[in-house]
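Visitor: Take this structure first; my questions come after.
Nothing in this text is a laboratory measurement; each read-out follows from the coordinates by a stated rule. What you are looking at is a predicted structure, and each value in this text was computed from that prediction instead of being measured. We place every Cβ from the backbone using ideal geometry, glycine too, and count neighbours over all the protein chains shown.
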Amino acid sequence: MTDPKKGLVTIVVASFNHCHFIKKTLQGLASQDYQPVELLVIDDGSTDGSGEMLELLQEKYAFRLIRRENGGLISVINLGIKNAKGDYVIFHASDDVSLPGRISGQVSVLERYPNAAFISGNVAFIAEDGRRRGNLLKVTGQERELGFDDIFLNRALVSSVASMYRTSALRKIEGLSEKYRAEDPQIFLRLTRI
């Protein structure tokens, strides 16, 4: 039974041509120690059998599936924001794996900082054979507030795949521009301005 006071986390999995990775991604998300979680998988026009694989895995991993023509990652993020029912949102690629405790740890930090729009963590690079190849950040475990200048001037490395956002903050920025291919700069810069 889930605690009714705990915030719902929506995990938006952006799936595109990752048939060989998607099952491991879903297994990692299913093994997280936090509930309640809403899992939303958006298949963005995969042509490698990912969509069909997701349909087979849907019941086992209890997720909502949206299959659509390819529109790109930014449009998947915008659709995820629109469809999220949670208090918090994680954007997760279909070839990424979240380490155990990620969700509970990030929710805990956002609850301690009620004015924070997002929390970002570290990224571990993993080779196809499963070996860890290093981290994005050399220092971990530090909590600090980031502003527009920190991100604009690259004084802080943040990654959307390692972040959790308040849904209310994402809705305030009213979506991301699909003119740009990268989500990281615009999402973080815009969130520091609300």
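Visitor: What does the extension gain come out to for Lys179 and Asn83, with contour length at 0.36 nm per residue minus their alpha carbon separation? Numbers along the way, then the final one.
Guide: Working: separation 96, 0.36 × 96 = 34.56 nm, distance 2.14 nm.
Additional length available on full extension: 32.4 nm.
Visitor: Work out how much length Arg68 to Leu99 would gain on full extension: take 0.36 nm times their residue separation and subtract the Cα-Cα distance, in nm to one decimal. Kindly include the intermediate steps, with their values, before the conclusion.
Guide: On the way: separation 31, 0.36 × 31 = 11.16 nm, distance 2.86 nm.
8.3 nm is the gain from fully extending Arg68 to Leu99.
Visitor: Count charges around His20 for me, please; just the other residues with Cβ under 12 Å from its Cβ, Lys/Arg as +1, Asp/Glu as -1. Write down the numbers at each step before the final one.
Guide: Values: positive: Lys23, Lys24; negative: Asp48, Asp95, Glu128.
Computed value for this residue: -1.
Visitor: Starting from the Cα-Cα distance between Leu8 and Lys172, subtract it from 0.36 nm times their residue separation and give me the gain in nm to one decimal.
Guide: Numbers: separation 164, 0.36 × 164 = 59.04 nm, distance 1.86 nm.
Length gained, Leu8 through Lys172: 57.2 nm.
Visitor: Structure shown: which of Lys24/Lys179; Lys5/Lys172; Lys24/Lys172 lie over 27 Å apart, alpha-carbon to alpha-carbon?
Guide: On the way: Lys24/Lys179 32 Å; Lys5/Lys172 24 Å; Lys24/Lys172 33 Å.
In this structure, Lys24/Lys179; Lys24/Lys172 exceed 27 Å between Cα atoms.
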